[in-house]
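Worksheet for the structure shown next.
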């Protein structure tokens, strides 16, 4: 019985701990000294947009539009994650266009980024936790019934 309690508590702790994501990715940005750092997810969508809006002017429209074409080519080729990680400037370009809603994270990034997306993710996690708990309870009942029948 103690094993079930430990397992149950571990599952609950694991599910609740997975709802917040923290990264240590804010290093010096050599492409743009004023680059914002959003290290704790989820991020407020409006704050993110506001923080990145001056990047376009910083780099200039011609350069940004060229990089935008590269970025969408990478997306269409399925190499967006590689393109983003190729250099900090590419990552900054992605962040700018992501901030204005023109592109979303590649599928390899499985965590929600914005607060409004996170709410749905958290609700899904809660439903999943509920299903797991019900499964454990049902399994315990079945095992209990089996043990009682075996003793008779």
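Observations on the model:
- Placing a pseudo-label 7 Å from each Cα along the Cα-to-Cβ vector at residue 62 and residue 134 gives an inter-label distance of 6.2 nm.
- 151, 45 arranged by Cβ crowding within 10 Å, fewest neighbours leading: 151, 45
- Distance between the pseudo-spin-label points of residue 86 and residue 26 (7 Å out from Cα toward the beta carbon): 2.8 nm.
- Bins of 5 Å from zero: percent of alpha-carbon pairs in region 29-111: 3, 14, 27, 28, 20, 8, 0
Laboratory data are not the source of any read-out in this text; all were calculated from the coordinates shown. Quick caveat, the model's predicted, so the values are computed rather than measured. No Cβ is skipped: glycine too gets one built from the backbone with ideal geometry, and neighbour counts run over all protein chains shown.
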